[in-house]
């Protein structure tokens, strides 16, 4: 899984049926320090994540289909968690507690 | 999934079984500022409505074949949606 930050949304009306009634989030990929790692993904939201939040991103097809409960769907990337904190202190030689990863206050109430 | 711009079409008469009737489009992957990034790919059009110039999102790897009616076909990129709107959070623009 990867760390990301929600930076936007993608909307579409013409899409594979697997994406009907689902929220697509545009997420920048992050290093564990909270710095941008370069690159982004479009991920299907499963947790009600909102703009600006640090999230956990699953990028594997079988797991993604299992989470969505779909047998056949062209889905590989999901937002599966909202990150509260990343702690790097346990690893020697690595900078302590990642400063930027803490999630800002929720802007939107959690969706159903 | 990644954003991409459809920049052309591919016609192939002779192709692998299972790909009959599948439309192939040349897609230039984009970064989130909609600038070209990386090499062009040939993607199967799983929405049957994408055309040149359109902003789409594509899925890569094994999951691309899942977008096709017959999921065990040799397809590694598929267009799975046509973008209506891309909204970037204020402050997240670089």
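Assorted remarks:
- Here residue B:70 and residue A:31 are evaluated by their C-beta separation; at R0 = 30 Å the FRET efficiency comes out at 0.15.
- Within segment A:2-82, DSSP assigns beta bridges of which about 90% are antiparallel (rounded to the nearest 5).
- More than 15 Å apart - percent of Cα-Cα pairs taken over segment A:1-76: 54 percent
- Across segment A:36-67, the residues whose backbone nitrogen lies under 12 Å from the label position 7 Å along the beta-carbon direction of residue B:31 are A:37-40.
- Between residue A:68 and residue B:89, the FRET efficiency from the beta-carbon distance, with R0 = 25 Å, is close to 0.50.
- Cα gyration tensor, the protein assembly as shown - rounded (a/c under 1.5), prolate or oblate: prolate
- Computed over chain B: relative contact order in percent, which uses C-alpha pairs under 8 Å that are six or more apart: 28 percent
- Counting other Cβ atoms within 10 Å as a rough exposure proxy, the listed residues B:16, A:63, A:16 run B:16, A:63, A:16 from fewest neighbours to most.
- Estimated from the Cβ-Cβ distance and a Förster radius of 30 angstrom, the FRET efficiency linking residue A:56 and residue A:13 is about 0.60.
- Among the residues of A:17-28, the average count of other protein chain beta-carbon atoms within 10 Å of the residue beta-carbon is 3.
- When all alpha carbon pairs of segment B:25-77 are counted in 10 Å bins from zero, the resulting P(r) reads 24, 54, 21, 1 %.
- Reference-scaled alpha-carbon Rg (2.2 N^0.38 Å with N residues) for chain B: 1.12
Each value in this text was obtained by applying a stated rule to the coordinates, not by laboratory testing. Treat the numbers as computed from the prediction; the structure is a model and nothing was measured. Cβ coordinates were reconstructed from backbone atoms using ideal geometry, including for glycine residues, and neighbour counts include every protein chain displayed.
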